[in-house]
Amino acid sequence: MLSAYRVMVAVMLAGASAFAGAQAYPTKPIRLIVPYPAGGGSDLLARPLAQSLTETFGQQVIVENRGGAGGNLGMELVAKSPPDGYTLVLGLTAQYAVNPSLYSKLPYDPVKDFAPVALLVRNPYVLSVHPSLPVRSAKELIALAKTRAGQLVYSSAGNGSGAHLCGEMMKTMAGINVVHVPYKGAAPAMTDLISGQVQYSFLAFRSSRPHIMSGRLRALAVSTANRSPALPDLPAVAETLPGYDLPVWYGVAAPAGTPREIVARLNAEILRTLATPDSRKRMAMDAAEPIGGTPEQFGDYIRSEIVKYAKIVKESGAKID
């Protein structure tokens, strides 16, 4: 009886200690790891988020860019960090859902090694063509590809990149024969599209917008399941190919074992930041849609996306050793 009482007291004290720790958190600077070099989509999302959290917590939230190996180096760093809430990662679709199928050996497990914190935003890729191509919709592009089997070429930022998988999913669902040319990055892939060396690509809206506005590129559709609120006049590929849905999404995670109370507080503060007028304005400029939700919902989403992308990666034949 006495032993049971002592166990109960120990459990209560442990719970009280965890609650007190979460209430006091943070007591020192927090590192927000971005697994890409500065200037990319993840970095541009991370910096205003870090500034907002710094103001909220009264402790510096420092963005650290740890690029390399498709984001794997930054993810591994966080996976192996102490689970105390002071090292976080802002990753995207590739690190959470694509790389498990793309790499034969991954130095982290996106499910077992992380505590999901918050799903931030979802951005569409914009299906864009060179203006010399006589098409003005995804439907017309698919029809043209069928009449020119093996002749149309699309570019991407590399094997296994978002643009590559977007192109492969459209190829599979539409039953078309097109050629994929991988580049070493999104910039050269878009440069050759603008010059007419390739016929089409799936591009980030931020980088392609000035070229679409100037007429050097023609936007046909977005890669999300529905039209983007920021681009309501641009159809979704899914309006031609029902079920097509390949956005790029971003989320924050902590090392597995991080106290639930700390994860919950981080989630609440991040969601509050996403709801501010400044954040909404910035996201609209990138055609980004805020998501939010609970840590548990983010964890479920990661697992479902891993399954989805495993099929797409297998069909594409992409593999990185």
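Read-outs: derived from the displayed coordinates by stated rules, not from any lab. Since the structure is predicted, the reported quantities are computational estimates derived from the model, not experimental observations. Here the Cβ is made from the backbone with ideal geometry for all residues, glycine too, and neighbour counts use every protein chain on show.
Side notes on the structure shown:
- Long-range Cα-Cα pairs in the stretch 263-321 (distance over 18 Å), rounded percent: 56 percent
- Prolate/oblate/rounded call for the stretch 125-239, Cα gyration tensor, a/c under 1.5 rounded: rounded
- Taken about its Cα centre, the stretch 125-239 carries a charge dipole of about 120 debye when Lys and Arg each add +1 at the Cβ and Asp and Glu each add -1 at the Cβ.
- Charge tally around Glu168: other residues with Cβ under 11 Å, Lys/Arg +1 each, Asp/Glu -1 each, net +2.
- Using only side-chain charges placed at the Cβ, +1 for Lys and Arg and -1 for Asp and Glu, the dipole size of the stretch 185-321 relative to its Cα centre rounds to 200 debye.
- Using alpha carbons only: equivalent-ellipsoid semi-axes of the chain, gyration tensor based, whole Å: 41, 20, 17
- Distant-in-sequence amide H partners of Val117 (H built 1.01 Å from N, under 5 Å): Val252, Ala253, Ala254
- Amide proton proximity set for Ile30, modelled H, under 5 Å, gap of 5+: Gln60, Val61, Ile62
- Here the Karplus curve 6.51 cos²θ - 1.76 cosθ + 1.60, taken at θ = phi - 60°, turns the phi angles of the stretch 169-185 into couplings of 5, 5, 4, 5, 5, 8, x, 10, 10, 10, 10, 9, 10, x, 10, 8, x Hz, with x standing for Gly and Pro.
- Dipole axis of the chain (+1 Lys, Arg; -1 Asp, Glu on Cβ), positive-most option in Ser104, Leu266, Leu193: Leu193
- Share, in percent, of DSSP beta bridges within the chain that are antiparallel, nearest 5: 60 percent
- Counting only residues at least eight positions apart within a chain, or on another chain, the lysines with an alpha carbon under 27 Å from that of Lys184 are Lys105, Lys171, Lys308, Lys311, Lys314, Lys319.
- Here the Karplus curve 6.51 cos²θ - 1.76 cosθ + 1.60, taken at θ = phi - 60°, turns the phi angles of the stretch 79-89 into couplings of 4, 9, 7, x, x, 10, x, 9, 9, 10, 10 Hz, with x standing for Gly and Pro.
- Net charge of the neighbourhood of Arg209, taken over other residues with C-beta under 12 Å away and scored Lys/Arg +1, Asp/Glu -1, is +1.
- Rounded to the nearest 10 degrees, the angle from helix 138-147 to the longest Cα principal axis of the chain is 50 degrees.
- Charge-dipole axis of the chain as Lys and Arg at +1 and Asp and Glu at -1 on Cβ define it, positive-most pick from Phe298, Pro134, Pro232: Pro134
- Sequentially through the stretch 294-310, phi angles give Karplus couplings (6.51, -1.76, 1.60; θ = phi - 60°) of 7, x, 5, 5, 5, x, 5, 5, 4, 4, 5, 6, 4, 5, 4, 6, 4 Hz, Gly and Pro residues having no value and appearing as x.
- Spatial separation of Cα centroids for the stretch 128-173 and the stretch 232-267, in angstrom: 25 Å
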